[in-house]
Amino acid sequence: MEVAFALTGKDYVIVAADQNASRSIIKMKGDEDKIKVLGSHLLMAYSGEPGDTLQFAEFVERNLRLQQMRNNHPLRPQAAASWVRRSIADSLRSRSPYAVNILLGGYDIADKKPKLYWMDYLGTQIDIPFAAHGYGAYFALSLLDRYHNPEATLEEGLEALKRCIREVQQRLVISFPSFKVK
């Protein structure tokens with residue numbers, strides 16, 4: 001039971017994820033950070049099987065850092081998303097596939113545009129203005145469809161995200177008391 005949201009605005013990407021770490025019906029931890037900072041302009045929210053998510057997130061973080069050290073510049077969001085999608089797809093064809101869902105967002109300095117990519121555990125990827133993973137997506141996507149504005153200021157984007165969080169906390173049977181927003 002995990003929830004992650006992301007949306008883009010005029011010159012930003014906001015990513016939020018719940019902080020529960022659970023297995024089956026047991027909540028093991030309430031302060032888990034499910035958002036990895038991959039660079040100065042790149043974030044990744046992840047959800048899925050507990051062992052797979054952390055291992056895959058660290059794998060992505062270290063490989064993108066290695067690529068940056070080898071080439072003296074960070075990957076643009078589109079290139080990073082393509083590499084992450086390919087890694088998920090390659091693992092799917094192995095004996096130990098990663099069961100992770102990803103929201104990868106970043107600001108493309110060259111194009112001067114925010115980018116957000118939705119990826120699932122099957123290696124599907126799409127570039128979209130707003131996204132959600134988990135059971136909270138049932139509530140959040142309709143709200144984001146109505147209130148998302150691609151030209152919104154950061155404050156307006158945060159307000160739309162707060163609406164999603166309030167709706168999930170109010171209407172979903174499972175309790176998500178805290179969210180991390182980056």
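Amide H neighbours of residue 152 under 5 Å, counting only residues 5+ apart in sequence or on other chains, H built in-plane at 1.01 Å?
Close amide H contacts, sequence-distant or interchain: 10.
Taking amide H positions as placed in the peptide plane 1.01 Å from N, state which residues far from residue 113 in sequence (5 or more) or on other chains have amide H under 5 Å from it.
HN-HN under 5 Å from residue 113: 108.
Hey, what D do you get for segment 1-77 in µm²/s if you plug the Kirkwood alpha-carbon radius into Stokes-Einstein at 4 °C and 1.567 mPa s?
Approximately 94 µm²/s, per Stokes-Einstein.
Roughly how big is segment 29-182's charge dipole about its Cα centre, with Cβ charges of +1 (Lys, Arg) and -1 (Asp, Glu), in debye to the nearest 20?
300
Can you give me the accessible area per residue for segment 112-177, using a 1.4 Å probe, in Å²?
61
Test of understanding: in a Gaussian network model of the chain with alpha carbons linked when under 10 Å, which of 165, 26, 88 would top the mean-square fluctuation ranking?
So, out of 165, 26, 88, the one fluctuating most is 26.
Considering only C-alpha atoms, what is the centroid distance from segment 100-143 to segment 32-57, in Å?
That distance is 13 Å.
Step through the residues of segment 104-118 one at a time and calculate ³J(HN,Hα) from phi using the Karplus curve (6.51 cos²θ - 1.76 cosθ + 1.60, θ = phi - 60°), rounding each to whole Hz and writing x for Gly and Pro.
10, x, x, 10, 7, 5, 5, 8, 6, 9, x, 10, 9, 10, 9
Out of 149, 169, 130, whose Cα points farthest toward the positive end of the dipole of segment 125-182 (charges: +1 Lys, Arg; -1 Asp, Glu; placed on Cβ)?
So the residue furthest toward the plus end is 169.
Using a Gaussian network model on the chain with a 10 Å cutoff between Cα atoms, which of 57, 81, 21 fluctuates the most?
Sorting by GNM fluctuation, first place goes to 21.
Could you compute how fast the chain diffuses translationally, taking Rh as the Kirkwood radius over C-alpha pairs and applying Stokes-Einstein at 4 °C with viscosity 1.567 mPa s? Give it in µm² per second.
Estimated diffusion coefficient is 79 µm²/s.
In segment 40-113, which trypsin sites (Lys or Arg not before Pro) fall in coil by DSSP and have 12 or fewer other Cβ atoms within 10 Å? Numbers along the way, then the final one.
Numbers: sites: 62, 65, 70, 85, 86, 93, 95, 112; in loops: 93, 95, 112.
Filter output for segment 40-113: 93, 95, 112.
Comparing 36, 27, 115, which has the greatest mean-square fluctuation in the GNM of the chain with Cα pairs linked when under 10 Å apart?
Looking only at 36, 27, 115, the biggest GNM fluctuation is shown by 27.
As a test of the formula, what do you get for the chain when each DSSP H run with n ≥ 4 contributes -39,500 (n - 2.57) and the sum is divided by the residue count, at 222 nm and rounded to the nearest 500 deg cm²/dmol?
It comes out at -12500 deg cm²/dmol, rounded to the nearest 500.
Which of the three applies to segment 68-115, rounded, prolate or oblate, going by the alpha-carbon gyration tensor with a ≥ b ≥ c and a/c under 1.5 meaning rounded?
The shape class here is oblate.
Percent of accessible area on the chain owned by carbon and sulfur, 1.4 Å probe? Working shown, then result.
Values: 5080 of 10060 Å².
For the chain, the apolar C and S fraction of the accessible surface comes to 51 percent.
Considering only the other residues whose Cβ falls under 11 Å of the Cβ of residue 119, what net charge follows from Lys and Arg at +1 and Asp and Glu at -1?
Net local charge, residue 119 excluded: 0.
Any idea what the dipole of segment 134-182 comes to, in debye rounded to 20, about its Cα centre with Lys/Arg Cβ at +1 and Asp/Glu Cβ at -1?
So the dipole magnitude of segment 134-182 works out to roughly 280 debye.
Over 22 Å apart: what share of the alpha carbon pairs of segment 91-181 falls there, rounded to a whole percent? Let's see the in-between values first.
Details: 1537 of 4095 pairs.
Everything past 22 Å amounts to 38 percent.
The values are calculated or read from the model by the stated rules, or taken from the named source; none is laboratory data. On a predicted model such as this, the values are computed, not experimentally measured, just so you know. Note that we place each Cβ from the backbone using ideal geometry, even for glycine, and neighbour counts take in every protein chain shown. Protein only, heavy atoms only, side chains kept; ligands, DNA and RNA dropped before computing areas. Shrake-Rupley method; radii C 1.70, N 1.55, O 1.52, S 1.80 Å.
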